[in-house]
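S.K.: I have a structure here, written as structure tokens, and I will follow up with some questions on it.
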Amino acid sequence: MHAALAIDEILSKIIAFTLRRKSVQDDAASLDASSRHGLLQVALVCKAFWEPAMSMLWRTLDSLEPLLLLVPGLQIHDDSCVLDQDLVIEDISTLRKYARHVRTVALKRNITVPTPILAKIRVATGAESLLPRLRVLYCVKEGFSHEISLCLSSTVEQLTVILSKDSREGTDREALAAFLSGLLSMKDPEARLTLLHITGRLLEGTMKMVSAFPKLREVGLSLHSSTDPDSSNSGGVGKSLLPALSQMEYLTRLDLDVAGSDPFVLPLALPSLQHLRLIGLCSVILSALHGSSLPSLVELNIVVLRQQSGSLDGILSSRISYFNLRILVIRLVGSQTDSPLRGRDLLAPLLRLRALQVFRLNSRNIRVDLDNEDMALIAKAWPELFLLNIFTPLPTDCKAPNLLGLIPFAEHCPHLSYLTVPVNANCALPSQPPVFLHELRHIDLMDSPVTVAPHVVARFLHCLFPMCAGPRPSGHKYRYPWPRVYWFLGMIHTILTDNSRRIKVSLAARTLSGSVDDAVDDHEPSHHVSGL
């Protein structure tokens, strides 16, 4: 055997290459039957091949069933474990041999492990963890209960839990509380756990345990009010957690689902927080942002559940303008009966965000009225803009920006690469549109009404954005004539970027005028196609 094969990293690269995978760390759950069979064959080649192949084969599990079936005498019937003999330490030696290769466990299928069997396995493993190299743990709804204790390991770095909304017994919540308590009882657990996402209503004791991991970098929680009147949590969950957030000096990402929660104020001391996501009613989000000081915040994601009697005026208060924001995402959730919003009132406080690079506004059911002046204000206020996505229903009275409203973006936003806005294309276009050398790659004007000829619209867009090839590939089917408009743009882009195609077009055009020799020597790209 070659000496290079004695190095695990090189051998792992070779195995990944044979399976057409980028690296051995790729998700093993996506391995098909043939790939798994191939890994088994590689593992049986020699001892040197065994460890890397087994590490890839057992890296990711979607349940604990493969491991539990390695215990002699243990059988699974109707998602329940049955043991027909007593366990001794030697009986789980094979289980532990393969369990040390597991890095990721996704508990999507609930396998009921009786408490006596769990106790016997824990006694047999002693003080050591059953999964000593576990890094990532996913627990999805009905997919886990007390068997999560088998995954208890001080090496866990990422924990994602989705609790069931219909769980009456609360076994998943009790199992989660016991798991977090077990992590805290281990030696220096906070140095490992850096990501924690929990979706669903939590017990008050669980909330307090979350704050005991001060070195968490990413936290996602649902601060829902309890529906149980006897619960000590009724009236607003998470108030005991919020002061503890200010003590997490490493916290960089915070996701809070505050739908149904009482108004609260975010802690003032979150100096390292860079990404914040809030979901809830308008009044709750306003109170959370009021008075907060987040000097390092670069991304703010807001999902506003609009109140029927409330107003969105002030949801983007002037305080946000003092943030050093680069990314701002706003989603307005409402009904079609809600009255429309004035775009200028909604966007006015944001025009001082000179460093903004990405802006997304999604209001599928709530109409936001914009015009050409609003487009000009946005373009002039955000010169560093890279992506602009405004998705809102088009008004029936044609009060929307038209194609001329795109000119300020070509003039003031040199870094803009992705543009999605609703426009009213039923407008007269100039015979000689202004020409810009802008590098916009993709433009999506959705299903805006168009009465102008498709090639005229394409020519106008090409003059503004000569490198544009239409919208990004997606499964959306556009209404006529937009497919024709984007087809023209795509053909222009192909001609400009394909040297051989450009020469052929130039030859065909100049042959008619008797300038064939000049056309062959012309290799300079053109920013205009005369045929359009």
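S.K.: So the check is Cβ under 6 Å with 6+ separation or different chains; which pairs have a first residue in the range 205-229 that's of a type in the set (Asp, Glu) and a second one that's open to solvent by less than 50 Å² (accessible area, probe 1.4 Å) and at pLDDT 75 or above?
M.R.: Sorted first by the residue in the range 205-229, then by its partner, the pairs are Glu218/Leu195.
S.K.: Could you look through the range 1-25, keep only residues that are open to solvent by less than 80 Å² (accessible area, probe 1.4 Å), assigned to a loop (DSSP other than H, G, I, E, B) and in contact with a helix residue (DSSP H, G or I) (Cβ under 7 Å, 6 or more places away or on another chain), and pick out the one that is modelled with the highest pLDDT?
M.R.: In this case the residue turns out to be Leu19.
S.K.: Something else: What residue, of Ser185, Ser167, Ser153, Ser181, is at pLDDT 85 or above and farther than 17 Å from Val105 by Cβ?
M.R.: Criteria check complete, one pass: Ser181.
S.K.: Sticking with this structure for a sec: What residue, among those in the range 100-127 that are under 20 Å from Pro72 (Cβ atoms), among the charged types (D, E, K, R) and under 38 Å from the mean Cα position of the chain (by Cα), is most open to solvent (accessible area, probe 1.4 Å)?
M.R.: The residue in question is Arg122.
S.K.: Would you mention how many residues in the range 70-93 are under 37 Å from the mean Cα position of the chain (by Cα) and surrounded by 13 or more Cβ atoms within 10 Å (Cβ to Cβ)?
M.R.: 3
S.K.: Among the residues of the range 198-207 satisfying the criterion of being outside any helix (DSSP H, G or I) and open to solvent by 40 Å² or more (accessible area, probe 1.4 Å), which is modelled with the highest pLDDT?
M.R.: Per the stated criteria, the residue is Thr199.
S.K.: Now, a different point. Is it the case, given these coordinates, that Thr494 is outside any loop (DSSP other than H, G, I, E, B) and polar (S, T, N, Q)?
M.R.: Answer is yes for this residue.
The values are calculated or read from the model by the stated rules, or taken from the named source; none is laboratory data. Predicted, not measured: the structure shown is a model, and the values here were computed from it. Here Cβ is always computed from backbone atoms with ideal geometry, including for glycine, and neighbour counts include all displayed protein chains. In case anyone asks, the SASA skips ligands and DNA or RNA and just uses the protein heavy atoms, side chains included. Shrake-Rupley method; radii C 1.70, N 1.55, O 1.52, S 1.80 Å.
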